[in-house]
Amino acid sequence: MSDEPLRQRVGIFGGTFDPIHLGHLMLAEQFREQLQLAEVRFIPAAKAPHKQDQSAADAKHRVEMIRLAIGGNSNFAIDERELKRGGTSYTVDTLRELKIELPTADLFFLMGADSLAELHTWREPQTICQLAFVAIIARGGQPPPDLQQLARFQPADQIESLANHLLQMPQVEISSTDIRRRAVSGQSIRYMVPAAVETYIRHNTVYS
Ligand code: ATP
């Protein structure tokens, strides 16, 4: 028998989650199932580098809404490190920390086609690809992800393997932007967010 410790597969799902919605939850579940992850970590950003000019709801609200949304799912967890770190949240910093904390884990970093197209503008994209397997999501109704974006950061054989392991997800046209807009104008957000999140938003007038 091999003495190699079993490597745990941990999924990293970063976002602003302002608020978390059913599109995020479906995506996280597909990520977990298709890559057979032991855990998906939701990591809310303090400040996303590409959303510098936008202010987000208070971190305590965003955290509480994630907690309510993932409660009862033992495969989902919230990781508040980016909020605690403060400032602009860079993925490479988060992955570096996780790699040290979880030396026997394989990290999978979830990325949509839109983010992939911008990867070259991220901080240290090559290091990101070395620290984690980048899992690309192909969304129904959207153009296929351009995997050549990874060509300058990853060896060709890894890109081929990625092409064969694209995550599939049906198109769910829900966005946090739309939910905020609806909440502000008093429109229904029922069934776009979990019921507990809807109640939380209303009781705490998170978006008013
Ligand atoms: P906003 O509308 O405020 O920009 P968002 O709904 O896109 O927010 P984020 O928190 O920025 O939510 O998203 C985190 C990740 O989830 C991103 O990679 C984004 O592409 C993905 N995502 C968000 N909504 C969906 C959805 N409906 N289907 C699939 N992926 C989604």
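The values are calculated or read from the model by the stated rules, or taken from the named source; none is laboratory data. Predicted model only: the values in this text are computed from it and were never measured. All Cβ positions, even for glycine, are placed from backbone atoms using ideal geometry, and neighbour counts span all protein chains on display. All accessible areas refer to the heavy atoms of the entire protein, side chains included, with ligands and DNA or RNA removed. Shrake-Rupley method; radii C 1.70, N 1.55, O 1.52, S 1.80 Å.
Would you be able to say whether some residue in region 42-65 is away from the ligand (no atom under 16 Å from the Cβ) and surrounded by fewer than 16 Cβ atoms within 10 Å (Cβ to Cβ)? Within region 42-65, one or more residues are away from the ligand (no atom under 16 Å from the Cβ) and surrounded by fewer than 16 Cβ atoms within 10 Å (Cβ to Cβ).
State the number of residues belonging to region 78-110 that are aromatic (Phe, Trp, Tyr) and assigned to a strand (DSSP E or B). Working first, answer last.
Restricting attention to region 78-110, the residues satisfying the condition of being aromatic (Phe, Trp, Tyr) are 90, 108-109.
Cutting the leftovers down to assigned to a strand (DSSP E or B) gives us 108-109.
Within region 78-110, residues that are aromatic (Phe, Trp, Tyr) and assigned to a strand (DSSP E or B) number 2.
Number of residues in region 176-201 that are open to solvent by 50 Å² or more (accessible area, probe 1.4 Å) and within 20 Å of MET111 (Cβ to Cβ): the value is 1. Scanning region 20-39 for residues being in a loop (DSSP other than H, G, I, E, B), within 9 Å of the ligand (Cβ to nearest atom) and of a type outside the set (Val, Ile, Thr) gives a total of 1. Do we find a residue being open to solvent by less than 60 Å² (accessible area, probe 1.4 Å), farther than 17 Å from PHE13 by Cβ and in contact (Cβ under 8 Å) with a residue 60 or more places away in the chain anywhere in region 104-126? No, there is no match, as no residue in region 104-126 is open to solvent by less than 60 Å² (accessible area, probe 1.4 Å), farther than 17 Å from PHE13 by Cβ and in contact (Cβ under 8 Å) with a residue 60 or more places away in the chain.
Taken over region 158-173, the residue count meeting the criterion of being at pLDDT below 80 and charged (D, E, K, R) is 1.
Return the residues of region 111-125 that are away from the ligand (no atom under 13 Å from the Cβ), assigned to a loop (DSSP other than H, G, I, E, B) and on the phi < 0 side of the Ramachandran plot; say none if nothing qualifies. Before you say what the answer is, go through the steps one by one.
Here is the first cut: in region 111-125, the ones away from the ligand (no atom under 13 Å from the Cβ) are 120-121, 123-125.
Filter again for assigned to a loop (DSSP other than H, G, I, E, B), leaving 123-124.
Correct list: ARG123 only.
Of the residues making up region 136-172, those that are within 29 Å of VAL193 (Cα to Cα) and either away from the ligand (no atom under 11 Å from the Cβ) or free of Cβ contacts under 8 Å to residues at least 24 places away in the same chain (or both) are PRO143, PRO144, PRO145, HIS165, LEU166, GLN168. Give me the residue from region 1-19 that is within 13 Å of the ligand (Cβ to nearest atom) and not β-branched (Val, Ile, Thr) and, out of that set, surrounded by the fewest Cβ atoms within 10 Å (Cβ to Cβ). This residue is GLY15. Scanning region 127-145 for residues that are at pLDDT below 85 and either of a type in the set (S, T, N, Q) or open to solvent by 60 Å² or more (accessible area, probe 1.4 Å) (or both) turns up ARG139, GLY141, GLN142, PRO143, PRO144.
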